[in-house]
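Let me begin by presenting the structure, written as structure tokens, before commenting on it.
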Amino acid sequence: MTGQTAGDARVLGPNDGKSFWQPVPANGFVRNLLNNKVVRADNRLSVGTQTVAAGCFIREHTHADNEEVIFIVRGKGIARVDGVDHPIEEGSCLFVGKNRKHQFIADKNQDLTFLWMLMPGGLDDFFEQIGRPRTPGEPAPQPFPRPENVAEIERRTVFGWADDTYNNKK
């Protein structure tokens with residue numbers, strides 16, 4: 001390896017990374033694990049986990065400039081991609097390309113937890129801006145609304161189009 005620069009290597013524990021409670025309709029929480037603030041990478045990336053509370057969902061949306069990988073870690077639910085429902089459960093994996101409408105719906109009886117990776121990154125910035133800081137082990141807060149400027153946050157982070165049903169209306 002003479003003359004070659006070694007890239008970063010990072011190992012995170014089960015409580016590492018910044019974590020944020022998420023507003024309605026997803027509720028639950030995210031852990032932002034890896035991004036370009038944490039590791040030196042040749043490409044922009046963001047990696048984390050999201051737990052969607054039982055019976056809750058992530059709104060339908062697109063990413064105009066990003067591709068997304070989802071790997072189901074625990075639970076089951078539905079991945080709706082371009083209007084087609086796909087049952088998902090532990091071990092399921094999805095790739096969602098640019099400008100594909102998608103949403104995730106947790107089973108009514110159990111939380112849905114998945115690993116997400118967005119390329120190029122930026123999803124971690126969105127979660128931090130709309131969420132509330134979370135400490136592992138603390139009880140979940142009562143459901144709370146999305147920030148009033150959520151549409152502007154979506155536009156400046158990683159979203160192309162998003163269902164605005166749950167945005168705060170003035």
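Coordinate-derived values only; no laboratory data. Everything numeric in this text was worked out from a predicted model, so none of it was measured. We place every Cβ from the backbone using ideal geometry, glycine too, and count neighbours over all the protein chains shown.
Assessment of the stretch 88-107 against the conditions (surrounded by 12 or more Cβ atoms within 10 Å (Cβ to Cβ), β-branched (Val, Ile, Thr) and in contact (Cβ under 8 Å) with a residue 60 or more places away in the chain) yields no matching residue. Using the structure shown, decide if ALA79 is crowded, with 16+ Cβ neighbours inside 10 Å, free of Cβ contacts under 8 Å to residues at least 60 places away in the same chain, touching a Leu at 6+ places or on another chain (Cβ under 6 Å) and not basic (Lys, Arg). The answer is yes for ALA79. Looking only at residues of the stretch 10-40 that are in contact with a strand residue (DSSP E or B) (Cβ under 8 Å, 6 or more places away or on another chain) and without any contact (Cβ under 8 Å) to a residue 40 or more places away in the chain, we find that the one that is surrounded by the most Cβ atoms within 10 Å (Cβ to Cβ) is ALA26. Do you know which of the residues in the stretch 136-170 that are among the basic types (Lys, Arg), out of contact with any helix residue (DSSP H, G or I) (no Cβ under 7 Å at 6 or more places or on another chain) and in a loop (DSSP other than H, G, I, E, B) is farthest from GLN50 (Cα to Cα)? My answer is LYS170. Of everything listed in (1) farther than 17 Å from PHE104 by Cα; (2) surrounded by fewer than 18 Cβ atoms within 10 Å (Cβ to Cβ); (3) without any contact (Cβ under 8 Å) to a residue 60 or more places away in the chain, the single unmet condition for ASP65 is (3).
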